[in-house]
Amino acid sequence: MSRRESIKKLREQLIRRRGALHRALEGDLSLLRELHQERTGDILDAAADTMQDELNSQLVEAESRELNAINSAIARHGRGTYGDCEGCGKPIPLSRLRAIPYAIDCIDCRRKAESRSVGGASRMWNRVFDQAEADLV
Ligand SMILES: [Zn+2]
């Protein structure tokens, strides 16, 4: 299969996935609304509800993030830039696109971006540990 045909197939996959996500999100949001309506005055219930809400809203957030990624991938299809790395401009290998159809960068650029953000996260952790040690003193 040529790259062109593969990319056409991936577009169909993205559109199907978008439809599935739309339905999932609608379901999650109506579940959230139902949970709010069933709320009782019990404190323990309220704590459990809060935890459940937290999980549900994380799920909704992850789903909407994926939905955004899919929408912009479909938009890139329309512009004819789908499958090009946003970091270096080279074509993203098909194997990567098949694994993550809404990938916007090649593995090299992704690694570079991730090593930057992981560095940031570990700096934050160091601060937390510094703080914990300061509390002990
Ligand atoms: Zn790249």
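Quick one: which residues, 5+ away or cross-chain, put their amide H under 5 Å from the amide H of residue 92? H built at 1.01 Å from N.
84, 85
Relative contact order, percent, of the stretch 3-105 when contacts are C-alpha pairs under 8 Å separated by at least 6 residues?
34 percent
Can you give me the C-alpha center-to-center distance between the stretch 47-64 and the stretch 78-100, rounded to a whole angstrom?
32 Å
Can you tell me the convex hull volume per residue for the stretch 3-105, based on C-alpha atoms, in Å³ to the nearest whole number? Don't skip to the end; give the middle numbers.
Details: hull volume 9.9 nm³, N = 103.
Taking only Cα atoms, the stretch 3-105 has a hull volume of 96 Å³ per residue.
What length, rounded to one decimal in nm, is gained on full extension from residue 20 through to residue 34, with 0.36 nm per residue of separation minus their alpha-carbon distance?
Difference between extended and current length: 2.9 nm.
Taken together, the values in this text are just the output of simple stated rules run on the coordinates, not laboratory data. Since the structure is predicted, the reported quantities are computational estimates derived from the model, not experimental observations.
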